[in-house]
1. Are any of the residues in region 37-57 out of contact with any helix residue (DSSP H, G or I) (no Cβ under 6 Å at 6 or more places or on another chain), closer than 24 Å to Val136 by Cα and part of a helix (DSSP H, G or I)?
2. Looking at (1) modelled with pLDDT of 95 or more; (2) within 24 Å of the chain's Cα centre (by Cα), which one does Thr217 not meet, given that it meets all the others?
3. Among the residues of region 270-280, is any modelled with pLDDT under 95, loosely packed, with under 13 Cβ neighbours inside 10 Å and of a type in the set (Ser, Thr, Tyr)?
4. Suppose we keep only residues that are in contact (Cβ under 8 Å) with a residue 60 or more places away in the chain and among the hydrophobic types (A, V, I, L, M, F, W, C) within region 193-223. Which one would you say is farthest from Met165 (Cα to Cα)?
5. Just checking, which of Arg251, Arg190, Arg209 is in contact with a strand residue (DSSP E or B) (Cβ under 7 Å, 6 or more places away or on another chain) and not assigned by TED's automatic domain parsing to the domain that holds Arg81?
6. When Arg284 is evaluated against the numbered criteria (1) in the same structural domain as Glu131 (by TED's automatic domain parsing); (2) in a loop (DSSP other than H, G, I, E, B); (3) crowded, with 16+ Cβ neighbours inside 10 Å, which criterion, by number, is the only one it fails?
7. Yes or no: region 98-107 includes at least one residue that is under 24 Å from Val132 (Cα atoms), of a type in the set (Ser, Thr, Tyr) and either touching a residue at least 40 places away in the same chain (Cβ under 8 Å) or surrounded by 12 or more Cβ atoms within 10 Å (Cβ to Cβ) (or both).
8. Name the single residue, out of those in region 198-222 being within 19 Å of Leu264 (Cα to Cα) and of a type in the set (Asp, Glu), that is surrounded by the most Cβ atoms within 10 Å (Cβ to Cβ).
Amino acid sequence: MHIEGFKVFCDLAETESFTQAAKANGVTQSAVSQQVSSLERQLRCLLIERSKKKFRLTREGQVLYEHAKPMVQAFAALQARLLEAKGVATGAIRVATIYSIGLHDLPPYVKRFLKAFPNIHVHVEYRRANEVYDDVLANAADIGLVACPVRDARLVIVPLRTESMVIITSPSHPLAGTRPLPVEKLEGQRFIAFEPDIPTRKAIDRFLRDRGVAVRTVMEFDNIETVKRAVEVEAGVSVVPEGSVVQEVERQSLVALPLAGASLERPLAVIHRADKVLTPAMSRFIAMLADQHDSPSA
């Protein structure tokens, strides 16, 4: 028996998905099935109830998971300590990030990190907010980058910073010259929103509701780039992170308006599994992102 087989089995037990377990280990679904079958042959018992529509471990499978999980964690911790003792900065970091952070905040940090640690590979995937959480919990990503983090006992949340939100309009919009813009001016405006399940959308809705402002939501999108394009073609106005529209403001395709008499900010955070054994590479990467004095523009 190999520790890799135990890890695959533990990931499968936790995600209840052959697809997610395969992704977490960089193998095919077929390879996951073969690993499980190999364990069953060696242990001479069934580990998964295959006749059930819903994934379920057998009693023996549950016992194996309870004993294998500490071994997998201990081996991961051993690997991390050995690398730390050698002073070796190698390995890979799998990052799942929402679009706005991945496109506008993360790149300079990755560039600086890779310059300092050229032997570390940073793999970044752009995901919807709910998918970032799913990937981290399924161990398909080592860390996630999110806005307005949602508390979960299975996760550790590392606060990064807050970023200001601004109202964006097309240059020809009637509100474009109102700076700063009273939030009441948004009453009845055609509004380009994020999809309802996105945490930033929930924060914006709460902000407007608390101030008694009702907008007319005409479009909903799952990523910030599409929201900006819709505003550029005069489909409506929106509220987005200030740093995400720097280029559009410079080329005058969008106008960014600060709010008058009120401020709307969203917190950014790193998330990782509470039981995740962080390698030296992961710890350094998180520390760099969390260090407010280590801005890439410094």
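1. No, region 37-57 contains no residue that is out of contact with any helix residue (DSSP H, G or I) (no Cβ under 6 Å at 6 or more places or on another chain), closer than 24 Å to Val136 by Cα and part of a helix (DSSP H, G or I).
2. Going through (1) modelled with pLDDT of 95 or more; (2) within 24 Å of the chain's Cα centre (by Cα) one by one, Thr217 breaks only (2).
3. No: zero hits.
4. Ile198
5. The conditions single out Arg190.
6. Status for Arg284: all satisfied but (2).
7. Yes, some residue in region 98-107 is under 24 Å from Val132 (Cα atoms), of a type in the set (Ser, Thr, Tyr) and either touching a residue at least 40 places away in the same chain (Cβ under 8 Å) or surrounded by 12 or more Cβ atoms within 10 Å (Cβ to Cβ) (or both).
8. Once the filter is applied, the top-ranked residue is Asp205.
The values are calculated or read from the model by the stated rules, or taken from the named source; none is laboratory data. As the structure is a computational prediction, the values presented were derived from the model and not from experiment. Glycine also receives a Cβ, built like all others from the backbone with ideal geometry; neighbour counts cover every protein chain displayed.
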